[in-house]
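Chemist: The structure under discussion is supplied below as structure tokens; questions concerning it will follow.
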Amino acid sequence: MKRSLFGRIWPNATAVVLFVGFVFPVYWMFATAFKPTGDIITDNPVWFPRHFTFSHFDRAVHADHFWTLVANSVTVTLCSVLLSLVIALFAAFALARMRFKGRRGFIVTFMLAQMAPWEVMIIAIYMIVRDGDMLNSLVPLTVFYAMMVLPLTVLTLRGYIAAVPKELEESAMVDGCTRLQAFRKVIFPLLAPGLMATSLFGFITAWNEFPLVLILNKDIEKQTLPLWLSQFQTAFGDDWGATMAASSLFALPILILFIFLQRKAVSGLTDGAVKG
């Protein structure tokens, strides 16, 4: 009985420790954003704001270039997610429904591309963008962000398409639909969980990406929020309250999306991974 009790307690205790370890930095960021400056710069940590203040948020949103960089981040993120989904839908359909020479090797290549760290290509990426005279532009960021999430998106959607019986698609074509219409009316509605999962993954990747914009975009007007946050200072030095406020605003869209889509996103990734 003691062994059985221990077997039930230690996984839960481990989960609690991991949960606290992951959540505490997020809590500290939000808590610091609401603390008065005196409670931030102190030798004795203030674990909970004794007096809530919104002055840090006011300084953050009125800082130079903040809203310009918000617009840049939103534009690059949404465009990269949309671009990756459009390309992935066609590629996933071809891999799931068509039989051609080198198909298995193509799938393995996608898997290897997903496992390989893209940072090893940073020098090649910089040279391509420089030679194409596209430095300090949002277009290369959009394209390369889409490339980062494309392998996982293709593999996930391929699993969903492969799980749809071919007979449903063939029946629609017998009834007069073209292959494209059959895909749109029969297969596409069944891809919602996979689309949500891959869209969330792509959004988080593009929204948080830091090294690529650091290398490619030196013009402040063409940067995104992660780089701006790392360099946010005032005339008096580091403003930790405003930095935490800006970081909280930056993290808020991800938290909201994850809270509302977490179940469908997790099921989307797992179902797409085992089907087909």
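The values are calculated or read from the model by the stated rules, or taken from the named source; none is laboratory data. Keep in mind it's a predicted model, so treat the numbers as computed, not measured. Cβ placement follows ideal geometry from the backbone for every residue including glycine, while neighbour counts extend to all protein chains displayed. Surface accessibility is based on the protein's heavy atoms, side chains included, excluding ligands, DNA and RNA. Shrake-Rupley method; radii C 1.70, N 1.55, O 1.52, S 1.80 Å.
Chemist: Residue-wise, which Karplus ³J(HN,Hα) couplings in Hz belong to the range 136-152, taking 6.51 cos²θ - 1.76 cosθ + 1.60, θ = phi - 60°, and x for glycine or proline?
Modeler: Each residue's phi maps through the Karplus curve to give 6, 9, 7, 5, x, 4, 4, 5, 6, 5, 5, 5, 4, 9, 4, x, 5 Hz.
Chemist: Dipole size in debye (nearest 20) for the chain around its Cα centre, Lys and Arg Cβ +1, Asp and Glu Cβ -1?
Modeler: The dipole of the chain has a size of about 1440 debye.
Chemist: In addition: Accessible area of the range 67-266 with a 1.4 Å probe: how many percent of it is carbon plus sulfur?
Modeler: 70 percent
Chemist: Evaluate E = 1/(1 + (r/R0)^6) for Val174 and Met98, where r is the Cβ-Cβ distance and R0 equals 22 Å; express this FRET efficiency to the nearest 0.05.
Modeler: Efficiency, rounded to the nearest 0.05: 0.70.
Chemist: Please give the calculated 222 nm ellipticity per residue for the chain, where each DSSP H segment of at least 4 residues contributes -39500 (n - 2.57) and the sum is spread over every residue; nearest 500 deg cm²/dmol?
Modeler: For the chain, the value works out to -24000 deg cm²/dmol.
Chemist: For the range 53-154, which trypsin sites (Lys or Arg not before Pro) are both in a DSSP coil and crowded by at most 16 other Cβ atoms within 10 Å?
Modeler: Here the trypsin sites (Lys or Arg not before Pro) that fit, given the DSSP loop and packing criteria, are Arg99, Lys101.
Chemist: On full extension of the chain, what length is gained from Ile123 through Phe260, given 0.36 nm per residue of separation minus the C-alpha to C-alpha distance?
Modeler: 45.6 nm
Chemist: How much of the calculated P(r) for the range 130-202 lies past 18 Å, in percent of all Cα pairs?
Modeler: Here the long-distance tail beyond 18 Å is 54 percent of all Cα pairs in the range 130-202.
Chemist: A follow-up question, please. Would you list the P(r) distribution for the chain, with all Cα-Cα distances sorted into 10 Å bins from 0 and each bin expressed as a whole %?
Modeler: The calculated distribution, bin by bin, is 6, 21, 25, 23, 15, 7, 2, 0.
Chemist: Using Cα positions and a limit of under 18 Å, work out the aspartates and glutamates in reach of Lys185, with same-chain residues fewer than 8 apart set aside.
Modeler: Glu167, Glu169, Glu170, Asp175
Chemist: Can you give the direction-averaged projected area of the convex hull of the alpha-carbon atoms in the range 32-99, in nm²?
Modeler: For the range 32-99, the mean projected area of the Cα convex hull comes to 8.3 nm².
Chemist: Along Cα→Cβ, 7 Å out, is where each label goes; now give me the distance between the ones at Trp28 and Ala13 in nm to one decimal.
Modeler: In this crude spin-label approximation the distance works out to 2.4 nm.
Chemist: So for the pair Val20, Phe52, with labels modelled 7 Å out along Cα→Cβ, what separation do we get in nm?
Modeler: In this crude spin-label approximation the distance works out to 2.5 nm.
Chemist: While we're here: Give me a comma-separated list of calculated 3J(HN,Hα) values for the range 172-187, in order, Karplus coefficients 6.51, -1.76, 1.60 applied at θ = phi - 60°, integers in Hz, x for any Gly or Pro.
Modeler: Here the 3J(HN,Hα) series is 5, 6, 5, 6, x, 7, 6, 5, 5, 5, 5, 5, 5, 8, 9, 7 Hz.
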